1. Can you check what the net charge comes to around R204, using other residues whose Cβ is under 12 Å from the Cβ of R204 (Lys, Arg +1; Asp, Glu -1)?
2. How large is ³J(HN,Hα), in whole Hz, for each residue of segment 177-188 in order, when computed from phi with the Karplus curve 6.51 cos²θ - 1.76 cosθ + 1.60 and θ = phi - 60°, using x for Gly and Pro?
3. Figure the gain on full extension for N92 and D75 (residue separation times 0.36 nm, minus the Cα-Cα span) and round it to one decimal in nm.
Amino acid sequence: MLKKTIVFTGIFWWLLMMAVIIVNAQTKLGTVVIHFSHTANQQPLQFNDSVYANDFGERYTISKLKYYVGAFKLDEKNLSLGFDKYVLVDANQTENKIIAQLPEGNYHSIQFKLGVDSTDNCSGAQTGALDPLNSMFWTWNSGYIFLKLEGNSSASTAPDGRIEHHIGGYKDSMNVASTIRLADNIAIEAGKAKDIYISFNLDRYWNAASKIKIKETPVCMSPGFLAKTIAANFNAIFSIGSKTITY
């Protein structure tokens, strides 16, 4: 049953992309397919069993990594996600990709926001990616968890050696939503699809603008100074590569 589901999902995405590309060829629009991948210690991220080490020699495993992205732009042109304003990326899923369209042309950067803006944090019960059933919502006062990282480490001083980083906050100086801008030469051609590969490097989560040691910071479960300190590394986490596929 699982094999049939995977095959059906693959066929659905292929048919959707083909339909979009045919329409785009007639209207001078190109298709952008944005893929998110995740690495640690220069290897694809594996959950639960694989052991990694940060730059401080602390060994750890990962059981969950999820985060919100939205407000995509190539240069200053907005990418419409169509079905939703945000996408919840789950690193434990086989594929994390976004299909959008925009006019043909040469672009020099891709930009997106990691997090949820203040208006949507205060808009009550929502559906889609922002549905509270996705377990990325604290309370009506604290809003959404922008990034959730969970795992275990012998360096952790928390019970059972757990790591729990639930990073969020949208109020004033505690706002941790981050705009990520990645430079690249991106040529969009009508009737063609451009695959853009964005990599999340977990090594940089621990060590960039801030030095996040598991021994000192095994748990962060609310907005505040600690969440801001961790979020200071968000801009260093992502990198980009790309290629063109003609269908």
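1. Here the count lands on -1.
2. 4, 10, 8, 9, 10, 10, 7, 5, 9, 10, 9, 9
3. Stretched out fully, the N92 to D75 stretch lengthens by 3.1 nm.
Rule-based calculations on the coordinates, nothing more; no lab input. Just so you know, these numbers come straight off a predicted model, no measurement behind them. Don't worry about glycine lacking a Cβ; one is built from the backbone with ideal geometry, like all the others, and counts go over all protein chains shown.
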